[in-house]
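Report on the following structure.
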C-alpha cells in the first residue's frame, strides 16, 4: 500500500475555507446575513448594504432590520409571525418572499431562504439568511398580468399574428365574431375571418406589414354565422431585438354600431331637410313679398297684422317640427345608452 493511499486530499478544501468568507462578504447580488438566537446580526454582506441601502452599523439586529425594511406595522407582523413560526418548529430551513422598503424609499421584491444551523460543541445555534432581489421578475409578471387584463377586458379585439399568419387574440374577438371563442381561433389562420373575395387584399396588407409598414383602415370580416361586418383595423409590425419583424399586432373594432348610427343620423338629416326646406322657403317668400308690398303702400296696418299672424303660425309649425325631430333623436340615443349600459357595469 502506497503512503497516504486512502487519505483524502484536503488542500483544496482548506483553500475554499479560507476564501469562502470573502466571497460571501463581497458578493454584490446575493444578500447574506447571519444572526444568533438573540437576534443579533454578526454578518451583513456587501449585497445586503447595496440592496437595502443600510450598513451593518445601521442594522445591528433582526428587530431593527424588520422595523426599517417593513415600516408597515400590519405587514411587519405577518412576516414576523412567519419567522417566529419557523423558529419554533424543527424545520431546517424556510423559503418565502416579501416586499422591503430600502433606505431611499424604493420597494424591492425579495426571495428569502432562512436556514437554521444547529448548535454544536464548538458553535452556538445561529441562522443564515440569504436573499435574492426578484423585483424585475415580479414587475415583469405584474406588467404581463396587467397587459393580459387590459387585452381581455377590451371592447376592441387585440390580436397577435405570427409569421405563419396564426392568431392569438383577446376575448373581445369573441364578441366581435359572434361567439367565435379563443379556443376556436388560437393557432388558426387569421384569413379564416376574411371573406374569400377579400383575402387577396388582406394577404397583400399583411405582406406589407410584415415588411415593417403600418395599416389603418376598414375591412370586411366574417362572424361565426358567416355574416359580413365592417371592422376598423390597425395592423402594426412587431420587431425583435435584431429589428426583424417577428409578428403583427392588430386592434379590431366592430363598426356595426357606428355605421348604424351614421345611417340613423343621415335619416334624421334627410327628414329634417324634407320637413323644413319647403316651409322655411314659403315663410321667407311670404315675408319678402310682404316687405315689398308694404314698401309700395299696398297694405293697410290691419292687413299687415293679419299677414304677420299667418307667418307667425307658419314659424310655430316649423318650431314644432324641429321639436318633434329633436325628441326622436334624443329618444333613439337613449335607447342606445340603455342597450350598452350593462357593458359598463362591473
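Bear in mind that the values in this text are calculations on the coordinates, not laboratory data. This structure is a prediction, so every number in the text was calculated from the model and none was measured. Cβ placement follows ideal geometry from the backbone for every residue including glycine, while neighbour counts extend to all protein chains displayed.
Before moving on, here are some points about what is shown:
- Condition check for residue 27: surrounded by fewer than 12 Cβ atoms within 10 Å (Cβ to Cβ), out of contact with any strand residue (DSSP E or B) (no Cβ under 9 Å at 6 or more places or on another chain) and either closer than 17 Å to residue 132 by Cα or touching a residue at least 12 places away in the same chain (Cβ under 8 Å) (or both): no
- Tabulated pairs, region 199-221, first under 14 Å from residue 232 (Cβ atoms), second in a helix (DSSP H, G or I), C-beta under 6 angstrom, 6+ apart or interchain: 215/205; 215/209; 220/198; 221/193
- Of the residues making up region 97-108, those that are surrounded by 15 or more Cβ atoms within 10 Å (Cβ to Cβ) and not in a loop (DSSP other than H, G, I, E, B) number 5.
- Among residues of region 60-85 being buried (at least 17 other Cβ atoms within 10 Å of the Cβ), touching a residue at least 24 places away in the same chain (Cβ under 8 Å) and in contact with a strand residue (DSSP E or B) (Cβ under 6 Å, 6 or more places away or on another chain), the one that is farthest from residue 135 (Cα to Cα) is 62.
- Entry remark, region 42-96: residues being assigned to a strand (DSSP E or B) and within 26 Å of residue 138 (Cβ to Cβ) number 5 in total.
- Looking only at region 50-66, residues that are under 17 Å from residue 112 (Cα atoms) and touching a helix residue (DSSP H, G or I) at 6+ places or on another chain (Cβ under 9 Å) come to 4 in all.
- If you go through region 115-140 and keep only what is within 36 Å of the chain's Cα centre (by Cα) and crowded, with 18+ Cβ neighbours inside 10 Å, you end up with 130, 131, 133.
- Residues in region 208-218 include at least one that is surrounded by fewer than 16 Cβ atoms within 10 Å (Cβ to Cβ) and assigned to a helix (DSSP H, G or I).
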